[in-house]
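Structure, as structure tokens:
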Amino acid sequence: MEFEAQYYDGVVARAQNVLVEIEQLDKKYTDPKSPEFLVENSAAIAISKLDSERGGRGHEIAHWRSNHVFSISSSKTELRLGVSNRLAGERLVFSGSQIDKIHRLLPGLAVKRRKNIGRQMRFIGLASGALVSLVGAYIIGIPLMANRIVGLVPAQTEVDFGLTIAGQMPDAFAEQGGIPLCDEDANSVANLAIARFVDQALQGVDTPFAVDIQVVNNPIPNAFALPGGQAYYFSGLLQKTQNSDEFSAVLAHEIGHVVARHGMQKMISSAGTGLLVGFVLGDITGLSVAGGLGSVLINNSFSREAEREADAFAAQVSTRMNFNPAAMVNLLDRVALDDEFAKAMALFGTHPLNSERREALAQSDRQLSTNDAQFSSQEWLAIKSMCSGSGTANQRQSDNDVGGDEGSTNNPTENPRRKNTKIKT
Amino acid sequence: MKNPGNGFQATVTFVGSRTRLLAIMFSGYFLMLLTVGIYRFWLVTNKRRFYWSHTKIDGDALEYTGSAMQLLIGFLFAVMIFIPLYGFFFYLSTQSPETAIIGYSGAAIFMYFMYGYAAFRSRRFLLSRTLWRGIRFQLTGSAWSYAFRRLFWTVLTFLTLGLAFPFMSVSLWKYRYSHTWFGDRQCSFSGSWRQIAIPFYLYYFMVAGLILLGFNTNIATSPDSGLSANNYELSPEASSIYSAAIMVAIIAYFHLRAYITSAMLSSISIGKTRLKVTVRTRDLSWLQIAYSFVLAIVAVGFGLIVAYLMGDVFAPMLQDDGADLGQVLQMGWYNLIVFGGIYLGFMASISIVSEIILKLGFWRLVARGTVLENAGDLQDIRAGGQESPLVGEGLADALNAGAY
């Protein structure tokens, strides 16, 4: 059959009007499913110049074999053919009603196209599968790996890093007036009692860090530990803390974070997740919010694990000390229920309390008589009133559920008790 | 056979439809979701095939010969380059704020530099995979050299408060187009900074003058001294002058963009064939208005969905009335997935709207506004060059540098 077409010879930038004759050479293998089909279904495609003067066929300028011919993605109004054993740019372009006829004459075109799409689809499927398992391995593996990697970080590096963050803390909480120490006197009854608690909790525990828990003046009900041993107990939380058991449980929990190096692990793990999300979304610079969302997903699962570990640590030290680690549940519930600042999610951002964790904590529940408590009632009173002393005018309205003794006092400036933490040898 | 008389003028047409592109975009984003993002290389390839195959120069369509696989491999290369950089960012985050600021600024400049490099490489990839009448385009020149020029001119433009812009613009256009080849013939670029300078400086001094005038008026007319530090209230006279300045700046943006595109593209010639491109300010402005309008509808739609979820579905689950997103997200995987889905849908909608209105619109404006004078001369051009670089524009993809 003869068709009119445009022909580019791949040598010169010129479109030639041609007549194309397609002649079937071998009709044996017309079943597209037979393996020989592509190789053997050879039609001869003769391309001749269209004689513009006489309107007929001029001399032949190219000769293609159908098994080398493939179709090229183009607009629906044209069919574009290339040929694999000749010049890369050589093309035949058919248009209009001829397209269907050509497809019928050269069924191999459709077969090749389908095969090509199939190959790509299989590849995409495989690659996505690989990526999904990579992401899965990452979500599970990163916390584990962070655990290993953190072992490679020298303790002093972590301490220095923690001090860098500690230096930024007053700015981070500037909105509430920073985090000035409640009691600057390291030898006050309260501070000595807390230091004794830390020492006892760390007895026999293998850790390079000296834990320094600071009770600071800030209305947010929160407590957290930085890498390297700095930990903070906010006056907002102290106000909600009803007994020394709750206080002890939180202290032990925070010490657990330091000992397990969770702060550092979290740093490493979130750096890793950022990279992964960037890879998946193709935005390596990680500027997109989607990256943040993915990181939240992975970090959430990470912090659940970390909380479980810190709880376990608290439960473990409580067996040789006198406090009830399960008391923390009451404190967390209380804060969740009645504090307007809970909206800021400060405490739950760092200490999500789900049913699983609740259960685990309940198992460590132990009843103690008040006489056995880790802090003497005198010490507990001193701790409770730590943040109400030192005389400066109270500039902040506090919610008065423990008697209105709360107040922001110190200047949020450099503070004499904040010592340089050294590695304990 | 077309009759290539000496003064033969060829036109460019674009016959692609919005609905076709919309279908490509929708199915592309759907498959991206199913394939955790891997499909985006195929989506980009399909998009390019759409644009290229529907753009006809003198009746013959362009052809895009690149493959998605090349893009994927290129991306993997880019990842290898980025991992050390990422390690550096992590290291910075553990340092003191001063070090971190210096480090991040350095990295930002480095990234800006690399963006120029990547954009040039991406252009080379595209051109070497573009055929017209069976003949390939190519881009010579050095991507490093281009990136250095770009950085140098940007710094200079910054230091001169924008006055160096016409020079920067022409220098970069010239580098791009005088290194562009079609087959064995090199393009030449005759554009000059003077072409841009006249309208640019006119607008520049108009806006600057209005701002100064507004400043002075404010001092003269405001009840307090306009310079007093805590007086941010503008006098009505001054604010109307400032509004005028903003209006002029907006008009300037569209006019200059249309003008510079037309003038610079019209400075390109290949042999005796010259491009003549007219992009009208009016059309460009309509495009932007249409885009903003549709974008606003999309944003309001998604806003309503989120508001409904927060108010009616999630608020009762929280103790206090004011539900905030942070809280909802803490409440489990299900919520995270819902909001993650909404977020991804929103981002996808934005990029689909931008593609089918802005990008397609601009492409069509340029295509339809272009004629080739003395197009008969093109018929003697012979093939030359090959597909290069072999793997895709990974860095550009990673840096988001590639358009179309």
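General remarks:
- Qualifying residue in the range A:14-25 (condition: modelled with pLDDT of 90 or more and not in a strand (DSSP E or B)): yes
- Within the range A:81-98, being basic (K, R) and in contact with a helix residue (DSSP H, G or I) (Cβ under 8 Å, 6 or more places away or on another chain) holds for one residue alone: A:R86.
- Hits in the range B:34-47 - residues which are charged (D, E, K, R) and more than 10 Å from every other protein chain (Cβ to nearest Cβ): B:K47
- Every condition in (1) open to solvent by 80 Å² or more (accessible area, probe 1.4 Å); (2) over 51 Å from the mean Cα position of the chain (by Cα) holds for A:I102 except the one numbered (1).
- Leading residue by the ranking (farthest from the other protein chains (Cβ to nearest Cβ)) among those in the range B:56-66 that are open to solvent by 10 Å² or more (accessible area, probe 1.4 Å) and within 22 Å of the chain's Cα centre (by Cα): B:L62
Quick grid of which residues meet (1) within 30 Å of A:V93 (Cβ to Cβ); (2) among the acidic types (D, E); (3) surrounded by 21 or more Cβ atoms within 10 Å (Cβ to Cβ); (4) touching a residue at least 12 places away in the same chain (Cβ under 8 Å):
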residue: B:F113; (1), (2), (3), (4): no, no, no, yes
residue: B:F120; (1), (2), (3), (4): no, no, yes, yes
residue: B:L126; (1), (2), (3), (4): yes, no, yes, yes
residue: B:W144; (1), (2), (3), (4): no, no, no, yes
residue: B:F152; (1), (2), (3), (4): no, no, no, no
residue: B:F167; (1), (2), (3), (4): no, no, no, yes
residue: B:S171; (1), (2), (3), (4): no, no, no, yes
residue: B:F189; (1), (2), (3), (4): no, no, no, yes
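- Which numbered condition A:I140 fails, given (1) over 46 Å from the mean Cα position of the chain (by Cα); (2) within 30 Å of A:R261 (Cβ to Cβ): (1)
- Single residue of the range B:5-28 satisfying the filter (open to solvent by 20 Å² or more (accessible area, probe 1.4 Å) and in a loop (DSSP other than H, G, I, E, B)) that is farthest from the other protein chains (Cβ to nearest Cβ): B:G7
- Considering the range A:1-16, and only residues there that are aliphatic (A, V, I, L, M) and within 9 Å of chain B (Cβ to nearest Cβ), the residue that is surrounded by the most Cβ atoms within 10 Å (Cβ to Cβ) turns out to be A:A13.
- Looking at A:A231, A:A193, A:A174, just one residue is hydrophobic (A, V, I, L, M, F, W, C), open to solvent by less than 10 Å² (accessible area, probe 1.4 Å) and touching a residue at least 60 places away in the same chain (Cβ under 8 Å), and that residue is A:A193.
- Search result, residues across the range B:128-142 that are of a type in the set (S, T, N, Q) and open to solvent by less than 30 Å² (accessible area, probe 1.4 Å): B:S128, B:T130
- Restricting the range A:307-326 to residues that are open to solvent by less than 10 Å² (accessible area, probe 1.4 Å) and in a helix (DSSP H, G or I), the residue that is modelled with the lowest pLDDT: A:E307
- Selection over the range B:43-55 of residues that are assigned to a helix (DSSP H, G or I) and open to solvent by 20 Å² or more (accessible area, probe 1.4 Å) gives a count of 4.
- Residue match in the range A:40-56 (condition: open to solvent by less than 30 Å² (accessible area, probe 1.4 Å), out of contact with any helix residue (DSSP H, G or I) (no Cβ under 6 Å at 6 or more places or on another chain) and charged (D, E, K, R)): no
- Selection within the range A:143-171 - small (G, A, S), under 12 Å from A:R261 (Cβ atoms) and either crowded, with 16+ Cβ neighbours inside 10 Å or in contact (Cβ under 8 Å) with a residue 24 or more places away in the chain (or both): A:A146, A:A155, A:G162
- Test result for A:G118, out of contact with any Pro (no Cβ under 6 Å at 6 or more places or on another chain) and either away from chain B (no Cβ under 13 Å) or open to solvent by less than 80 Å² (accessible area, probe 1.4 Å) (or both): yes
- Answer from A:F197, A:F123 - the residue that is aromatic (F, W, Y) and more than 14 Å from every other protein chain (Cβ to nearest Cβ): A:F197
- Which listed residue is open to solvent by 20 Å² or more (accessible area, probe 1.4 Å), at the interface with chain A (Cβ under 9 Å from one of its Cβ atoms) and either touching a strand residue (DSSP E or B) at 6+ places or on another chain (Cβ under 7 Å) or farther than 22 Å from B:E355 by Cα (or both), from B:L31, B:L85, B:L76: B:L85
- Where B:V391 falls short, out of the listed (1) touching a Phe, Trp or Tyr at 6+ places or on another chain (Cβ under 9 Å); (2) modelled with pLDDT of 80 or more; (3) within 27 Å of B:R40 (Cβ to Cβ): (2)
- Scanning the range A:65-89 for residues that are open to solvent by less than 60 Å² (accessible area, probe 1.4 Å) and within 14 Å of chain B (Cβ to nearest Cβ) turns up A:S71, A:I72, A:S73, A:S74, A:S75, A:E78, A:L79, A:R80, A:L81, A:G82, A:V83, A:G89.
- Of all residues assigned to the range A:124-131, at least one qualifies as being open to solvent by less than 30 Å² (accessible area, probe 1.4 Å) and modelled with pLDDT under 85.
The values are calculated or read from the model by the stated rules, or taken from the named source; none is laboratory data. Since the structure is predicted, the reported quantities are computational estimates derived from the model, not experimental observations. Backbone-built Cβ (ideal geometry, glycine too); neighbour counts: all protein chains shown. What goes into the accessible areas is simple: the full protein's heavy atoms, side chains included, and nothing from ligands, DNA or RNA. Shrake-Rupley method; radii C 1.70, N 1.55, O 1.52, S 1.80 Å.
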